Amino acid sequence: MKSPDIHAPRLFVEAALAEGTSLAGSAAQAHYLGTVLRLGAGEAVRLFNGRDGEFAATIASVRRDRLVLDVGAQTRGQAAEPDVWLVFSPLKRDATDLVVQKAVELGAAALLPVFCARTNTARINEARLTAIAVEAAEQCERLTIPALRPPRALAELLADWPRDRVLAAAMERVPGLPSPAGVAAGALLVGPEGGFTPGELDVMRATPFIQPVSLGPRILRAETAALAGLALLLSRTW
């Protein structure tokens, strides 16, 4: 297995990867390599697709909106990753972007936006968030892109939740709850700015697969809670 060129830019591609093949990049990738980075034919890149591991590659040709890449040797094999999901209430745009970017870097396997009673936005831009997730995975040397699920109302999400996956729900101002570090959870649920309503809390406490957790004595911003709780859960799986 070839040692990777750690300075070569990484690109996520949809195509299958195998040594000795060629593939076309997107117009955006052509612009990034040729115009932003000013790279040309013969220069090194690294490719991954979430299935085949990471491969060395070289630029065969690059123009304003066209890119051809020659695939070389594999540099890393595909490896299993922690299967921890993040369920989060969408926030204002910059804060939602931050949550997605950092959740990808931390290693979340899936991102599930959920609309709660106090969620302060009515929609999300799924294409934008997917692009942020891809860019974060490229930057942090991750081999997969986490699944971004369509947003759902809290009641709908809980009704369809897989019963064998424990959902750790971060709750505020409730003493004596376990922290995420001591919970065998497959997902973390973090509510909106302003927290869950009393009715939502009652439903969650009565739901068998939900385990209430505490993130400490302070009241955290929603984006801080999402990333701190996710880091604590993932620290138990690596």
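The values are calculated or read from the model by the stated rules, or taken from the named source; none is laboratory data. Given the structure is predicted, the values throughout are model-derived calculations rather than measurements. Because the Cβ atoms are built from the backbone with ideal geometry, glycine has one as well, and the counts that use them run over all protein chains shown.
For the range 13-29, check the following and say yes or no: at least one residue is over 30 Å from PRO162 (Cα atoms), assigned to a strand (DSSP E or B) and hydrophobic (A, V, I, L, M, F, W, C). Among the residues of the range 13-29, at least one is over 30 Å from PRO162 (Cα atoms), assigned to a strand (DSSP E or B) and hydrophobic (A, V, I, L, M, F, W, C), which makes the answer yes.
Residues in the range 118-141 that are in contact (Cβ under 8 Å) with a residue 60 or more places away in the chain and closer than 21 Å to VAL45 by Cβ: VAL134, ALA137, GLU138, GLN139, GLU141.
MET1 meets each of the listed conditions (1) assigned to a loop (DSSP other than H, G, I, E, B); (2) surrounded by 12 or more Cβ atoms within 10 Å (Cβ to Cβ); (3) hydrophobic (A, V, I, L, M, F, W, C) apart from (2). Pick from the range 183-206 the residues that are loosely packed, with under 13 Cβ neighbours inside 10 Å and without any contact (Cβ under 8 Å) to a residue 60 or more places away in the chain: which of them is farthest from ALA168 (Cα to Cα)? Among those residues, the one meeting the criterion is PRO198.
Looking only at the range 53-70, decide whether some residue is in contact with a Pro (Cβ under 8 Å, 6 or more places away or on another chain) and over 16 Å from ALA137 (Cα atoms). Within the range 53-70, one or more residues are in contact with a Pro (Cβ under 8 Å, 6 or more places away or on another chain) and over 16 Å from ALA137 (Cα atoms).
Could you grab the pairs with beta carbons closer than 7 Å, sequence gap of 6+ or different chains, first residue in the range 7-21 and at positive phi, second one among the hydrophobic types (A, V, I, L, M, F, W, C) and assigned to a strand (DSSP E or B)? From residues that are at positive phi, the pairs are GLY20/VAL71.
Which ones in the range 51-89 are modelled with pLDDT of 95 or more and under 30 Å from ALA170 (Cβ atoms)? TRP85, LEU86, VAL87, PHE88, SER89 - these are the residues of the range 51-89 that are modelled with pLDDT of 95 or more and under 30 Å from ALA170 (Cβ atoms). Would you mind stating whether VAL213 is modelled with pLDDT under 90, surrounded by 18 or more Cβ atoms within 10 Å (Cβ to Cβ) and assigned by TED's automatic domain parsing to the domain that holds ARG128? Against the criterion (modelled with pLDDT under 90, surrounded by 18 or more Cβ atoms within 10 Å (Cβ to Cβ) and assigned by TED's automatic domain parsing to the domain that holds ARG128), VAL213 qualifies. Applying the set (1) at pLDDT below 95; (2) assigned to a helix (DSSP H, G or I) to ALA131 leaves exactly one unmet item: (1). Criterion applied to ALA103, ALA122, ALA136, ALA155 was being loosely packed, with under 15 Cβ neighbours inside 10 Å and part of a helix (DSSP H, G or I), and the one residue passing it is ALA155. Could you go through the range 24-47 and let me know if any residue there is free of Cβ contacts under 8 Å to residues at least 40 places away in the same chain and of a type in the set (Phe, Trp, Tyr). Yes. Please work out if ALA117 is in a loop (DSSP other than H, G, I, E, B), surrounded by fewer than 20 Cβ atoms within 10 Å (Cβ to Cβ) and among the hydrophobic types (A, V, I, L, M, F, W, C). Answer is yes for this residue. For the range 47-98, the set of residues classified as in a strand (DSSP E or B) and either within 20 Å of the chain's Cα centre (by Cα) or farther than 14 Å from LEU23 by Cβ (or both) consists of LEU47, PHE48, GLU54, ALA73, GLN74, THR75, ARG76, TRP85, LEU86, VAL87, PHE88, listed by residue number.
Test ASP70 against the stated conditions and say whether it is over 23 Å from ALA187 (Cβ atoms) and charged (D, E, K, R).
Criteria met by ASP70.
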